[in-house]
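In what follows, a structure is listed as structure tokens, so that the remarks can point back to it.
The values are calculated or read from the model by the stated rules, or taken from the named source; none is laboratory data. As the structure is a prediction and not an experimental result, all values here were calculated from the model. All Cβ positions, glycine included, derive from the backbone under ideal geometry; neighbour counts span all protein chains shown. Side chains are part of the model used for accessible areas, which takes the heavy atoms of the whole protein and leaves out ligands, DNA and RNA. Shrake-Rupley method; radii C 1.70, N 1.55, O 1.52, S 1.80 Å.
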Amino acid sequence: MPSTHQDSTILTRRTGLTLLAPTFAFIGLFLLFPFVWVVAISFTDRTLLGAAAADPQFIGLDNFRQLFDFDSWMRSGEFGRSLVLTVYFVIASLIGQVFLGLGIALAFHRRKGFLRETIFTLVTLAWILPEAAIAFTWTSFLDPNGTLNTALGAVGLTRPDWLLDAPMASIVMFNVWRGTAFSMLLFSAALGNVRPSYLETADVLGANAWQRFRDVLLPMIKAQLATALILVTLWTFNVFTPFLLTQGGPAFQTDIMAIHTYRIAFRYFEFGQGSAIAVIVMLINFVLAGVYLFALKRGEGAR
Amino acid sequence: MNLVRFVLARVGFSAFVAVIAAAFALPLLWLILAPFHDQATLSVSLPTNPTLDNFRAVFDNQFAVRALFVNSMIQAAGAMVLTTLVATLGAYALARIHLPGRDVFVYVLILFSSVVTGSAAMVPVFLLIFRMGLIDQHLGVILVFTGGLLPVALFIMRDFMQSIPRSYEESALVNGANQWQMLRDVVLPMTRSGMMVIGIWAFVNVWGSFLIPFILLRSPDKMPAATATYSFYTEAGTPVITLISAYALLYVIPVLVLYLFVNWKYGFQFFGGIKS
Amino acid sequence: MANVRFESVTKRFGDVAAVDAVDLDVHDGEFVCLLGPSGCGKTTTLRLIAGLETATGGTIRIGDQDVTRVGPKDRDVGMVFQDYALYPHMTLLENIAYPLKVRGAKLAARSERTREVARNLQIEHLLDRMPGQISGGQQQRTSVARAVVHKPRVFLFDEPLSNLDAKLRLEARAFLKRLQRELGVTAVYVTHDQAEAMALADRIAVMDQGAIVQIGPPLEVYRAPRTTFVADFLGSPPMNLIPVRLQDGVLRNDAFALPAPRHLRDLGRHEGQDLSLGVRPEHLELCDPGAEHAISGETFGLEPLGPETLVSLDVGGTLVVVRVFADEPPRLEGDAHVRVDAEHLHLFDGDGVRID
Ligand SMILES: Nc1ncnc2c1ncn2[C@@H]1O[C@H](COP(=O)(O)OP(=O)(O)O)[C@@H](O)[C@H]1O
Ligand SMILES: [Mg+2]
């Protein structure tokens, strides 16, 4: 239908704008305004309480200077350290989620039945169940006497106290478990669109499983792969849920960006400082989103 | 040769499936077993004397009951209704009137909202709600959630609306309906299933989210189950594991039920990024 | 009821003039068919009458009201959409009664009138069903019922039969015709099927590229097409058009020479020009090779259709179709010969315009 670029006679412009008004109000108030405001606050010494709450002073780039104070910023609990931890966390989660999601999608490609339903349901539930409840089952799972250690003990492996001895590994494991569903659903939808005849052709030509994946499937899911990589990066960068497992500790070992921001702004009530961090985070997010758009454009151009 | 390969492939597949199933099921085991244990701990074992006492303990706890059945319900249902309403009307207008930049609007919005989110947005959103005098109010939580869920909701709804032939609305107008009658009698009834999907999605999101109520609410009698669960753990000193386990199970059940419902009714379809 | 009047109405979509300075007068109680190929602007014309498109220029009147800027809800027309647009969430009763409901009719009055219309259209027993539970033909009637229920001033139909199979289509055509006669209502009917237009219309308006090329009673348009476009569009198979040159009062072609028909007064002006000679297949008849003014061609194919046979001949490089009415298909091989009465010849000038 050529109707997309037509001035509709169905809705008058006035009715249309009336219907859109609540949307614009919400977007303006809860998206645009916070964005502008957080930038403004990052140049002040605003706090929650005290003199600086009533009358915050403009202090220029001081907040940013403090964040990037290269003498101290890599100390534990400081901004630079948090950035490094976040990069670890993101990269490890990304690799885990995307590979696992792709693996499951491939394993069940063109299969149906009870087994597939069960696995997909389990993985999806891990994604959608409330984070507070999930955090508790994970606390138990990772407990020195928890299920994980019971399982490890059964096959004769060591039984560490996960949250104390390997907190970063713990939250990565947790995050991979929680987020794999997205990649899995995305890839299995993409694979579902590959026409069976392509694979049959490859079979006839005698391709082995790896060749079939590389030459037939991979080219068809490239766009989804790019989407998954960047969206998972963006989400992981901003995820707060590990707080429920570790509160950022012990000794700031899991002080990833969202937890760090929360601590500065809502534990120390340093809103100016917290906003400066938020601005840096948004800059990073913008770059990631830009890369995403670029990858998407490229993907479309390639098709 | 071929047989060997076939057997190896079967074995490999079975092993992979077994490992995945274990990895995704085992962490949930505690959630299913501990609530029925008479002396639940953080370790998992089959309850030898299965009991419902833990649930009784939950129902005896005023604070726990209120959080789950009143506060979580108000906040999730409120955000659900508001998100669905705003998104449906907005998406309909976006699908039917011509505005410059209309086609990229939703995409820009989604990207922008995934940039101004989580940790980046918490400070200004807190200050905004503080200024509006809505700290420690259900309404503040509902409004913030609605603002956050709106972009994706708009995106899904607009797609849905565009798939409805215009002739239905045109025939309503020719039949003599005015714009509001057309909306009420034709457009809204025809988008019911889309509204259902958005509504469930919004409900589940709000029901399970921790950060926003954690920042915006103070007093125990406003807390939803998400922050209540957490406060059991941190504030009671030694956490009351039995209580928490039963409570956590009650808390996930609505999500479980809604998932099963959606799966049965629509198949768990995938709307790029259904979860924000 | 009322007449519909277009005065130089134009509708543009960007650079495309979907309707281009159209003048049209549909009389009170008249059934007018808009006929033309896909994309010629029929639907747009209809939607302009309904108010679903706003004219870029010109004036549209219904009765003595200028409705050019009036919205669809205030035009008081009834329309049957190509896809019927029955509301899937309403029963047939609610669907048909909808125009009454939005006009504020009481439930009892609504239901009574709906039943009356449904009875007339023989769908009364279906009123409790949902649109998804009835056949295509019944959906079509329901949508007609909804269009007539509030006695609108004008009925509009946009290819209402195109979603029906061939047999149902004939039935529905007869039905619509009877209904229109009974109600005596003004109707504008869009179709690309010339047989449908011929069967239904009081007048046919043939459209091409946003303009009405010819308007008139079906037989008049059929017998005296204004242009080669109309000649080609009406009739199945269409009129044969053979390139000829007029020299000294004779129409010449590589394959034949015919004396120019004497009843065409304007012919003199075209002396020495290349023209198109038009003959309907049913006006050609097979004859002996020696007959006067016989046209000869090589037999190209035979299509026996039952009551008639279509014979195609290659006449000097142009395909000419002859309609032979006989129970037995003629036996033809090699050359065949046909003749035509001069009064059945049509001539069109170099621009395709009829010469009278
Ligand atoms: N909403 C629209 N936007 C842009 N062009 C349109 C629109 N509707 C119709 N057109 C164009 O106008 C011309 C006439 O269309 P239409 O009236 O639908 O033809 P018909 O019904 O005779 O097939 C076509 O070229 C079509 O592409
Ligand atoms: Mg049309």
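Between residue C:300 and residue C:339, what is 0.36 nm times their sequence separation minus the Cα-Cα distance? Round to one decimal in nm.
Numbers: separation 39, 0.36 × 39 = 14.04 nm, distance 1.73 nm.
Contour length minus Cα-Cα distance gives 12.3 nm.
Cross-link candidates for residue C:106: which lysines have Cα within less than 28 Å, leaving aside residues fewer than 8 places away along the same chain?
Candidates past the 8-residue exclusion: C:73, C:151.
If I model a spin label as a point 7 Å beyond the Cα along the Cα-Cβ vector, how far apart are those points for residue A:294 and residue B:253 in nm?
It works out to 5.1 nm between the two label points.
Can you grab the distance from the C-alpha centre of the stretch C:1-57 to the C-alpha centre of the stretch C:337-355, Å, no decimals?
What the calculation gives is 31 Å, centre to centre.
Give the long-range amide H neighbours of residue C:213: residues separated by 5 or more places, or on another chain, with amide H under 5 Å away, using H modelled in the peptide plane at 1.01 Å from N.
C:206, C:207, C:208
Find the centroid of the Cα atoms in the stretch C:192-209 and in the stretch B:1-42, then give the distance between the two in whole Å.
With the stretch C:192-209 and the stretch B:1-42 each reduced to a Cα centre, they are spaced 71 Å.
Under the Kirkwood approximation for Rh and a Cα-based Rg, what ratio Rg/Rh is obtained for chain C? Don't skip to the end; give the middle numbers.
Details: Rg = 24.4 Å, Rh = 22.8 Å.
Using only Cα positions, Rg/Rh for chain C is 1.07.
Please report, ordered by residue number, every helix of chain A (full DSSP H runs) that is 24 Å or longer along its axis going by C-alpha atoms and whose mean Kyte-Doolittle hydropathy reaches 1.6.
TM-like helix candidates: A:79-107.
If a/c stays under 1.5 just call it rounded; otherwise compare a/b with b/c (prolate if a/b is bigger, oblate if not). Do that for chain B, with a ≥ b ≥ c from the square roots of the Cα gyration tensor eigenvalues.
Cα axes put chain B in the oblate bin.
Of all accessible surface on the stretch C:1-150 at a 1.4 Å probe, what whole percent is carbon and sulfur? Let's see the in-between values first.
Numbers: 2740 of 6000 Å².
C and S fraction of accessible area: 46 percent.
Based on the Kirkwood radius over alpha-carbon pairs, what value in µm²/s does the Stokes-Einstein equation return for the translational diffusion coefficient of the stretch C:201-295 at 4 °C and 1.567 mPa s? Working shown, then result.
On the way: Rh = 15.1 Å.
Translational D for this selection: 86 µm²/s.
Of the DSSP beta bridges with both residues in the protein assembly as shown, give the percent that are antiparallel, rounding to the nearest 5. Mind showing how you got there, number by number?
Details: 57 of 75 bridges.
Here the antiparallel bridges make up roughly 75 percent for the protein assembly as shown.
Could you sort the peptides C:130-138, A:107-115, A:18-26 by per-residue average Cβ neighbour count (10 Å cutoff), highest mean leading? Mind showing how you got there, number by number?
Details: C:130-138: 14.8, A:107-115: 12.2, A:18-26: 17.8.
With the highest mean Cβ count within 10 Å placed first, the list reads A:18-26, C:130-138, A:107-115.
Quick check on the protein assembly as shown: what does the Kirkwood estimate of hydrodynamic radius come out to from the alpha carbon pairs, in Å? Don't skip to the end; give the middle numbers.
Details: mean 1/r = 0.0295 Å⁻¹.
Kirkwood radius, the protein assembly as shown: 33.9 Å.
Take chain C, mark every one of the trypsin sites (Lys or Arg not before Pro) that falls in a DSSP loop and has at most 13 other Cβ within 10 Å, then report the longest stretch left between them, sites excluded.
C:107-261
Using a Gaussian network model of chain B whose springs link C-alpha atoms within less than 10 Å, name the residue from B:67, B:18, B:91 with the highest mean-square fluctuation.
It is B:18.
With a ≥ b ≥ c taken as the square roots of the eigenvalues of the C-alpha gyration tensor of chain A, please select rounded if a/c is under 1.5 and otherwise prolate if a/b is larger than b/c or oblate if it is not? Each step should come with its number before you reach the end.
Numbers: a/c = 2.11, a/b = 1.19, b/c = 1.77.
Since a/c reaches 1.5 but b/c is at least a/b, the shape of chain A is classed as oblate.
With bins 5 Å wide starting at 0, give me the P(r) of the stretch B:2-51 over every alpha carbon pair, in whole percents.
Values per bin, smallest distances first: 4, 19, 17, 12, 10, 10, 8, 8, 6, 4, 1.
Can you find, among B:183, B:263, B:122, the residue sitting farthest towards the positive end of the charge dipole of the stretch B:60-265, where Lys and Arg contribute +1 and Asp and Glu -1 at Cβ?
B:183
Farthest toward the dipole's positive end in chain C, which of C:355, C:95, C:157, given Cβ charges of +1 (Lys, Arg) and -1 (Asp, Glu) about the Cα centre?
C:95
Roughly how crowded by other chains is peptide B:27-37, in terms of the mean Cβ count from those chains within 10 Å of each of its Cβ atoms? Numbers along the way, then the final one.
Values: counts 14, 11, 5, 9, 8, 1, 2, 3, 0, 0, 0.
Counting other chains' Cβ atoms within 10 Å and averaging over B:27-37 gives 5.
Using the alpha-carbon centroid of each, what span in Å lies between the stretch B:72-98 and the stretch A:178-203?
32 Å
At 7 Å along Cα-to-Cβ for each site, give me the label-to-label distance between residue C:107 and residue A:169 in nm.
With each label placed 7 Å out from Cα toward Cβ, I get 7.2 nm.
Suppose every K and R has +1 on its Cβ and every D and E has -1 on its Cβ; what is the size of the dipole of the protein assembly as shown about the Cα centre, in Debye to the nearest 20? Before the final figure, lay out each step's value.
On the way: 76 positive and 80 negative charges, 605 e Å.
Using Cβ point charges on Lys, Arg, Asp and Glu, the protein assembly as shown gives about 2900 debye.
Quick check for you: with a 1.4 Å probe and neighbouring chains kept, what is the accessible area per residue of the protein assembly as shown, in Å²? Kindly include the intermediate steps, with their values, before the conclusion.
Working: 40970 Å² over 935 residues.
Accessible area per residue: 44 Å².
Using a 7 Å offset from the Cα along the Cα-to-Cβ direction at both residue C:64 and residue A:88, what is the distance between the two label points in nm, to one decimal?
About 9.0 nm, to one decimal.
Using the per-residue mean of other Cβ atoms lying within 10 Å as a proxy for protection, in what order, highest first, do the peptides A:168-178, A:278-288 fall?
On the way: A:168-178: 22.6, A:278-288: 19.9.
The packing order, highest mean first, is A:168-178, A:278-288.
Short version: ³J(HN,Hα) in whole Hz for each residue of the stretch C:336-344, in order, from phi by Karplus 6.51 cos²θ - 1.76 cosθ + 1.60 (θ = phi - 60°), x for Gly and Pro, what are they?
Per residue, the Karplus-derived 3J(HN,Hα) values read 10, 9, 9, 9, 8, 6, 4, 5, 9 Hz.
Report the gain in length on full extension from residue C:135 to residue C:285: 0.36 nm times residue separation, minus Cα-Cα distance, nm rounded to one decimal. Kindly include the intermediate steps, with their values, before the conclusion.
Numbers: separation 150, 0.36 × 150 = 54.00 nm, distance 4.49 nm.
Taking 0.36 nm per residue and subtracting the Cα distance, the gain is 49.5 nm.
Would you work out what percent of the accessible area of chain A, with all protein chains in place, is carbon or sulfur (probe 1.4 Å)?
Working: 8980 of 13840 Å².
It is 65 percent, rounded to a whole number.
What FRET efficiency comes out for the pair residue A:99/residue B:196, r = Cβ-Cβ distance, R0 = 25 Å, nearest 0.05? Write out the running numbers ahead of the final one.
Values: r = 34 Å, r/R0 = 1.38.
Result of the calculation: an efficiency of 0.15.
Can you give the average number of partner chain beta-carbon atoms within 10 Å of each beta-carbon in peptide B:179-190, as a whole number?
On the way: counts 10, 2, 4, 5, 3, 0, 7, 5, 2, 1, 4, 3.
Per residue, the number of nearby Cβ atoms from other chains is 4 on average.
Just name one of C:17, C:43, C:224: the one whose Cα is farthest towards the positive end of the charge dipole of the stretch C:4-233 (beta-carbon charges, Lys/Arg +1, Asp/Glu -1).
Toward the positive end, the furthest listed residue is C:43.
Within 10 Å of each Cβ in B:89-101, how many Cβ atoms from other chains are there, averaged over the peptide? Intermediate values should be presented prior to the final figure.
Values: counts 7, 9, 3, 6, 11, 4, 5, 8, 12, 8, 4, 0, 0.
Across B:89-101, the average partner-chain Cβ count within 10 Å equals 6.
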